[in-house]
Amino acid sequence: MDIKRIGVLTGGGDAPGLNAVIRAVVKCAIRRYNLSVVGFLNGFGGLIKNQAQELTEKDVAGILPRGGTILGTTNRDNPFHFPVIRGSEVVYTDVSDRIFENISIHEVDALIVIGGDGSLSIARELHERGLKVVGVPKTIDNDLSATDQTFGYDTALNTAMEALDRLHSTAESHHRVMVLEVMGRYAGWIALAAGIAGGADVILIPEIPYQLPAIVRKINERTGQRKSFSIIVVAEGAKTTEGELVVNQKVEGSFDPIRLGGIGNVIARQIEQATGKESRVTVLGHLQRGGSPTAYDRILASRYGVAAVEAVMAGQFGQMVCLRGTEISTVPLAEAVGEMRRVPVNSQLVTTARQLGICLGDE
Ligand code: F6P
């Protein structure tokens, strides 16, 4: 089939580099393949509710360094489980036929979905129902399987590293324990890499259950070496072997309703009690998702955007563009979703942290 017009949308939580992908898609589609491009607004919501915007080169001018997404996004609006009001009741309904209608109204031949696990699972299902889809892997959590790296992660990691650099001065001056809680959901990529890059003394990740005595030992050992402060990075999904995840809130209607958060506080209070050292907590939160993408993320996002258009032109539907080593490639969406990519506990990165003397909470 001849491709003349493509659609693009951004779904799930925002991540630095979304605009860089949109820009690359539009530039490559128009310049290289003479296509036209329409953007659907606010994730799958725009496709369901027919909210769209034509995208020309002018629309994407100047957006490369900008965080967020010019198309808007949401982690709700699942077309297979969409809240429809019937009388006084909200009934969750499959409204995916609206998507096919709107795709046809806008004469879209293929759709590029930029998203994480939730959005790409929907993309996969739509492809199985006949839509021509190509996926682009986004998330600061870096937890998508089938790609070595998602865009957005490098920027989040650098933000966390910078926070650690800044926390060092207060820790040192006040002789305190400073705890930094970072995002990442059920994966510890941000915590581990930022902890190594930012010189943390303790790094706690979901993949390695921690024990309080191990952390206390590390802090006391440092005190014994006349190091009066300690820096701890904790991933929001970290927990003890017997412990529960610390949940901040539940967001009904979201792809994954659980919002983690609060473990930093729990640990700081326990450390204060056990060591007598004054402890403070910083929850980095959405600062990790904001701001201008790093050079690495701008380049990765641009490569993904171009590769997604090329995949469309090559008829590689139902695929996701991915990074394999240093090369961009494609994998079936089916392989990319469903299974989370977590930090392998025996990976070189984990070993490096241990060899540097960083405590990972387990010994
Ligand atoms: O998946 C990205 C992410 O930022 C996670 O790291 C975090 O747990 C979650 O999204 C926060 O979601 P929300 O923006 O809905 O609070």
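The values are calculated or read from the model by the stated rules, or taken from the named source; none is laboratory data. Just so you know, these numbers come straight off a predicted model, no measurement behind them. Heads up, the Cβs are rebuilt from the backbone with ideal geometry, glycines too, and the neighbour counts pull from every protein chain shown. Please note that ligands, DNA and RNA were not included when accessible areas were found on the heavy atoms of the full protein model with its side chains. Shrake-Rupley method; radii C 1.70, N 1.55, O 1.52, S 1.80 Å.
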Report the net charge of residues surrounding Thr56, where surrounding means a beta-carbon distance below 12 angstrom and charges are Lys +1, Arg +1, Asp -1, Glu -1.
+1
Work out the charge dipole of the chain with +1 on the Cβ of Lys and Arg and -1 on the Cβ of Asp and Glu about the Cα centre, then indicate which of Ile105, Pro344, Pro293 is farthest towards its positive end.
Pro293
Per-q log10 I(q)/I(0), the stretch 103-253, q = 0.09, 0.12, 0.20 Å⁻¹ (Debye; single scatterer per alpha-carbon; no solvent):
-0.41, -0.63, -1.21
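Given the chain, what count of lysine pairs have C-alpha atoms under 14 Å apart, with each pair 8 or more places apart or on different chains? Provide the component values of the computation, followed by the final result.
Details: Lys4/Lys132; Lys27/Lys58; Lys218/Lys227; Lys218/Lys277; Lys227/Lys277.
The number of close lysine pairs in the chain is 5.
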Normalising by the residue count of the chain, find the relative contact order in percent from Cα pairs under 8 Å and 6+ residues apart.
22
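So for the stretch 1-122, what percent of the C-alpha to C-alpha distances run longer than 17 Å? Intermediate results must be reported in sequence, preceding the final value.
Numbers: 4130 of 7381 pairs.
Looking at the stretch 1-122, the distances longer than 17 Å represent 56 percent of pairs.
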For the chain, would you read off the P(r) tail past 26 Å as a percentage of all alpha carbon pairs?
51
Between the Cα axis of helix 18-27 and the main Cα principal axis of the chain, the angle (0 to 90°, nearest 10) is 30
Surrounding charge for Val350, neighbours by C-beta under 13 angstrom, Lys/Arg +1, Asp/Glu -1, total -1
Note the angle between two axes, namely the Cα long axis of helix 212-224 and the longest principal axis of the Cα atoms of the chain, as a number of degrees from 0 to 90, rounded to the nearest 10.
60
Arrange the peptides 352-361, 290-299 so that the one whose residues have, on average, the most other Cβ atoms within 10 Å appears first.
290-299, 352-361
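Counting heavy atoms of the protein chains only and a 1.4 Å probe, report the per residue accessible area for the stretch 277-363 as a whole number of Å². Present the calculation step by step, with values, prior to reporting the outcome.
Working: 4290 Å² over 87 residues.
Accessible area per residue: 49 Å².
Taking K and R as +1 and D and E as -1, what net charge do the other residues with C-beta under 14 Å from the C-beta of Leu35 add up to? Before the final figure, lay out each step's value.
Values: positive: Lys4, Arg5, Lys27, Arg31, Arg32, Lys132; negative: Asp2, Glu54, Glu57, Glu107, Asp109, Glu310.
Summing Lys/Arg as +1 and Asp/Glu as -1 gives 0.
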If the convex hull of the alpha-carbon atoms of the stretch 2-55 is projected onto planes in all directions, what is the mean projected area in square nanometres?
3.9
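Share of the stretch 184-234's accessible area from carbon and sulfur, percent, 1.4 Å? Walk me through the numbers on the way to the answer.
Values: 870 of 1650 Å².
With neighbouring chains kept in place, the figure for the stretch 184-234 is 53 percent.
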Among Ser228, Gly261, Gly195, whose Cα lies farthest out toward the positive end of the dipole of the stretch 174-269, if unit charges sit on the beta carbon of Lys, Arg (+1) and Asp, Glu (-1)?
Ser228
